[in-house]
Every structure is written in C-alpha cells, then in structure tokens.
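What follows is one structure encoded as structure tokens, with my remarks underneath.
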Amino acid sequence: MSYVDEVIELVVKQNPSEPEFHQAVKEVLESLRPVVDANEEKFRREALLERIVNPERQLKFRIPWVDDKGQVQVNTGYRVQFNSSIGPYKGGLRLHPSVNLGIIKFLGFEQVFKNSLTGLPIGGGKGGSDFDPKGKSDREVMAFCQSYMTELCKYIGADTDVPAGDIGTGAREIGYLFGQYKRIKGVYEGVLTGKGLSYGGSLARKEATGYGLLYFTKEMLIANGMDIAGKIVAVSGAGNVAIYAAEKATEMGAKVVTLSDSTGWIYDAEGIDLDAVKEIKEVKRARLSEYKNYRPNAEYHEGKGVWTVKCDIALPCATQNELLIDDAKALVANGCKVVAEGANMPTTIEATEYLQSNGVIFAPGKAANAGGVATSALEMSQNSERLSWTFEEVDAKLQRIMVDIFHNLDAAAKKYGFEGNYVVGANIAGFEKVVDAMLAQGVC
Ligand code: NDP
C-alpha cells in the first residue's frame, strides 16, 4: 500500500466520527501523491505525513456562563494548534451549534496550507465553540466570550497563537474576547486579529476575505483568457465573506444575482442591492427574507437552491459542504464556467471532481479565501510596529499577495504536470514550504 493510502487509513481509524476531518485530509493527501511518491522513502523515515495530520496540541474545555434569566449554561470550547513550523498558530474561532472537534480539526488542517500559501510567517490553528450567538443578547454574548477567554488565554499570545473571527465571530465577539484577555493577562498585545479600528484593528480586514477572493478570481480568469467584467455571479452566504465578495465583484463590473443564509436565498435579476443586505445582516442581524421589503421585484426562496440559477461564476461563501454533486450538475447545465471558494471546503470532493471534469475552472478555498488570514497577518505586523497603515496600503498588499498566490499554485500545478488543476497546485505549493520548515527543525 502506498504511504498516502496508509496515512489516510490511519487518520480514519484514529479519528472516528470526524467525517469533515477525513474529507479534508483525503483531499489534500490525494493531490500530494506526485510529491510524496517522489520522496516516499525519506518521508516515511521522517513520519512526515503522520506528523502533518496530527495536531501539535488540541484543547477542549467547558465554558460556563449565565444567561439573562439567571440560568447557568455550559458550552464546549476548542482550540486546535495544528502546526507551528512556519510561525505562531493562526486561525479563526467559529461559534456555531454544529461545531465539534472534527470540524475544528478539518479547519485547522486546511489552515496550515492556506497560511503557508500566503507567503507570510504564520502557522495553522483553529478554534471555536458550539455556542450560538444568534438570538442572544449582547450581555449574554459578552458573558460567553469572557468565560471562553478565561480558559483560552492560558494557551494563546501574540507570539504563540493568534485567533481571529470566523462564522459567528465578528467585531462584537472579538471586542469582548480581547477585553477579557487584556484584563486577565495585563498586557496590551496583538493577541487577536479582526479587532476594532480604535484598538489595534487593521483597515481593510473586514473586507479582506471577500475582496481577496475577487483579486484571486480576476487573476485566474486573466490567466485563462477571460474577463470578469460583464459576468453573472452567484454568491452563497450573506456574512462577512459573501457581502464583501459581492461588493468587489460588483465594483469589477460583474453582476451578482444571488445571496443566501441558513434559512433561504434571494435572486435579484437586476443585481443585489448590497446596502440593503448590509442593513439586514450587519445592522439588524435579521433574515434575508426581509430583502423583499427593499426590492419588491426580487425573489426569496426558503431552503437551498442558490446553485440552480444561470451564472458564469459561482462563489460559495457560506459554509462547508454546501455545494453538492447535484448542485455541481445544475451549475454545469446552466453554463457556469468558474467556481471559486470563499468558504472553507464548501464543495464536496465528488462535486469538485465533476466540475473539473466538465471544464469548470475551480479555485480551492485554501488559496482563494486566503486574503482574510493574510490581512490578519498584516494586522499582526502593524500591532508589532505600533503603527496603522492606510486602507490603500493594506489593500495594495492584499492584491499583491492574492496575485502571487495564484501564480505560485499555477506554477506548482504545471511543475508536476497538472496544468490548470488549482487544487493540486494549491496543496503542493502550501505543503512544500511547511515540509521544508519541518525537516529543517528536526523531529519535533
Ligand atoms: P459569517 O458568520 O459572517 O457568515 C456565514 C454565512 O453563511 C451566513 O450568511 C450564514 O447564515 C451562512 N451559513 C452559516 N452556516 C450555514 C449552514 N450550515 N447552512 C447554510 N448557511 C449557513 O461567516 P464568514 O462569512 O466569516 O465565513 C463564511 C465562510 O468563510 C466559512 O466557511 C469561514 O470558515 C470562511 N472563511 C472566513 C474568513 C473570514 O475572514 N471571515 C476567512 C477565510 C474563510 P445566517 O446569516 O443565517 O447565519
């Protein structure tokens, strides 16, 4: 049996009931075959793959907090510190009822390669809790965040592990977490990114993942002889990534016709009104069904279906496994030419393979959505030098990073004979740097 197959089997055996983690490992290791096969003896001796698929440390702890009725609630908190070979652990905190150890591990594993691709000195980690901020008062969210940080602060720091936002963790949550860290540790340091501008945040961080997705997509289209202007774009999600992806796509001259949330999706043939969406989602924290109050001609549909519309480009920006094989078939049938992932692992392996084998240009999230973590690393740099850069400075660096990521993975794909396969290119380009650093640092 090949080394890759052995390690995939081992991961499934050693991590039962963690299907998302199995999926992420399988997707990465399968595409690394050309590199691993060429170095099999050396990698085996070093147990390199066993080390890569095992987090350096995984923390699981209880988070007790008191709700508005005086009732004590208990949630579970996680932080998985996956790989620190190229820098301090870096990765967001997800607050969503679906969170479990397997999901945090899949996200942390992906983060290792994504962070490597940015070219910046950041290792990979991820955390979160099964706490649901939806429907909670600000005081309840604060009570939860303070309790979470009371435990988490023992394991993080500006030079060891720097968490950030993710699903359910926005500016409000980061503020409460930062306040509690400072209070307990007594230090004012860049221990979190995604902070407010008045206390060490970076301009353009809020927009970075969505904007970066479009900078990447534009470069990929140019390399394939296409232009983004005039294209019809379907976007899923209506959160941080989706909103700013839609904003940049519109600025680039494309027309965004859909968005979705966890209850339904909207279709607006005239192009989504993003001011309305920001008010509904960022201010009122309400459902997308309200969009019809702003644009009566738009359609609102309950449930799934965002991938059934006619579009040239699809940008899944909501959550993992939201684009399944039937969605891939519908996209191809409707003439979609490009899929670029804004979310982490939104497309199943089966759907990805279907898209690629039907000529759809496919950009994996670990490359296409790396603008968020890259700008978080820029926030760390600004915190270290006690300076703030202008929006234009940060945005220019972000554009450069996304363009470089595309060309690095394009080159890696070509080098190993997989021209145009950006999944293989991203995994190999991310892997090579991590492996180099791990081997240089000895058995650790
Ligand atoms: P947000 O919480 O801001 O938004 C998530 C959006 O997706 C919301 O509209 C939410 O619906 C919807 N959603 C969440 N879970 C589900 C589900 N199970 N089914 C259907 N819809 C769902 O998160 P972000 O925009 O920050 O993150 C989106 C994705 O991008 C995630 O995969 C995240 O890991 C990834 N990512 C985020 C980065 C960032 O900088 N924020 C960086 C890189 C990747 P509702 O509005 O109803 O809650």
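Enumerate by residue number the trypsin sites (Lys or Arg not before Pro) in region 87-164 meeting two conditions: DSSP loop (anything except H, G, I, E, B), and at most 14 other Cβ atoms within 10 Å of the site's Cβ. Don't jump to the answer; show the numbers that get you there.
Numbers: sites: K90, R94, K105, K114, K126, K134, K136, R139, K154; in loops: K134, K136, K154.
Hits after loop and neighbour filter: K134, K154.
Solvent-accessible area per residue for the chain at a 1.4 Å probe radius, Å²? All intermediate terms of the calculation are to be shown ahead of the outcome.
Numbers: 17590 Å² over 444 residues.
On a per-residue basis, the chain sits at 40 Å².
Approximating the spin labels as points 7 Å out from Cα along Cα→Cβ, the L274-to-A158 distance works out to 3.3 nm. If you count the DSSP beta bridges with both ends in region 237-382, what percent of them are antiparallel, to the nearest 5? Beta bridges within region 237-382, antiparallel portion: roughly 55 percent.
Which GluC sites (Glu not before Pro) does region 240-318 hold that lie in a coil by DSSP with at most 11 other beta carbons within 10 Å?
Values: sites: E247, E251, E270, E279, E282, E290, E299, E302; in loops: E270.
Answer by residue number: E270.
Computed over the alpha-carbon pairs of the chain, the distance histogram in 10 Å steps reads 4, 22, 33, 27, 12, 2, 0 percent, short to long.
The slack in the chain from A440 to S262, taken as 0.36 nm per residue of separation less the alpha-carbon distance, amounts to 59.6 nm.
Projected onto the charge dipole of region 327-386 (+1 at Lys/Arg Cβ, -1 at Asp/Glu Cβ, origin at the Cα centre), which of V332, A351, N369 gives the Cα projection farthest towards the positive end? Farthest towards the positive end: V332. Counted over the chain, the DSSP beta bridges are approximately 55% antiparallel. For the pair D132 and V283, what calculated FRET efficiency results from E = 1/(1 + (r/R0)^6), where r is the Cβ-Cβ distance and R0 = 35 Å, to the nearest 0.05? Once rounded, the FRET efficiency stands at 0.95. Only protein atoms count toward the accessible area here, which uses a 1.4 Å probe; on the chain, the carbon and sulfur part of that area reaches 50 percent.
About its Cα centre, what dipole magnitude does the chain give when the only charges are +1 on Lys and Arg Cβ and -1 on Asp and Glu Cβ, stated in debye to the nearest 20? Please list the in-between numbers first.
Values: 50 positive and 58 negative charges, 207 e Å.
Taking the Cα centre of the chain as origin, the dipole is about 1000 debye.
Gain in length, K42 to E290, computed as 0.36 nm per residue apart minus the alpha-carbon separation, to one decimal in nm? Show your work: numbers first, answer last.
Values: separation 248, 0.36 × 248 = 89.28 nm, distance 5.81 nm.
Result for the pair: 83.5 nm of gain on full extension.
Label point 7 Å out from S98 along Cα-to-Cβ: which residues of region 150-182 have amide N under 14 Å? Residues passing the 14 Å test: 167-168. Given their separation in residues at 0.36 nm each and the Cα-Cα distance between them, V187 and N334 gain 47.5 nm when the chain is fully extended. Compute the orientation-averaged projected area for region 1-103 from the convex hull of its Cα atoms and round it to one decimal in nm². Orientation-averaged projected area of the Cα hull: 8.3 nm². At an R0 of 35 angstrom, the distance between the Cβ atoms of F391 and A223 translates into a FRET efficiency of 0.80.
Not counting ligands, DNA or RNA, and with a 1.4 Å probe, what is V74's accessible surface area in Å² rounded to the nearest 10? The value for V74 is about 100 Å². Shape class for region 318-425, computed from the alpha carbon gyration tensor (a ≥ b ≥ c): prolate, with a/c not under 1.5 and a/b above b/c. The order of D410, D312, D159, D436 by accessible area, most exposed first and with a 1.4 Å probe, is D159, D436, D312, D410.
Computed over the chain, the per-residue total of -39500 (n - 2.57) for DSSP H runs of n ≥ 4 gives a 222 nm mean residue ellipticity of -14500 deg cm²/dmol, rounded to 500. Charge dipole (Cα centre; +1 on Lys/Arg Cβ, -1 on Asp/Glu Cβ; no other charges) of region 1-78 amounts to roughly 360 debye. Computed from point charges on the beta carbon alone (+1 for Lys and Arg, -1 for Asp and Glu), the dipole magnitude for region 206-368 about its Cα centre is near 100 Debye. Restricting region 268-343 to trypsin sites (Lys or Arg not before Pro) that sit in a DSSP loop and have at most 10 other Cβ atoms within 10 Å of their own Cβ leaves K284.
Under the √(5λ) rule applied to the eigenvalues of the Cα gyration tensor, what semi-axes describe the equivalent ellipsoid of region 55-189? Give them in Å, descending.
Those come to 25, 16, 12 Å.
The values are calculated or read from the model by the stated rules, or taken from the named source; none is laboratory data. Predicted, not measured: the structure shown is a model, and the values here were computed from it. Heads up, the Cβs are rebuilt from the backbone with ideal geometry, glycines too, and the neighbour counts pull from every protein chain shown. Heads up: the accessible areas ignore ligands, DNA and RNA and are worked out on the full protein's heavy atoms, side chains in. Shrake-Rupley method; radii C 1.70, N 1.55, O 1.52, S 1.80 Å.
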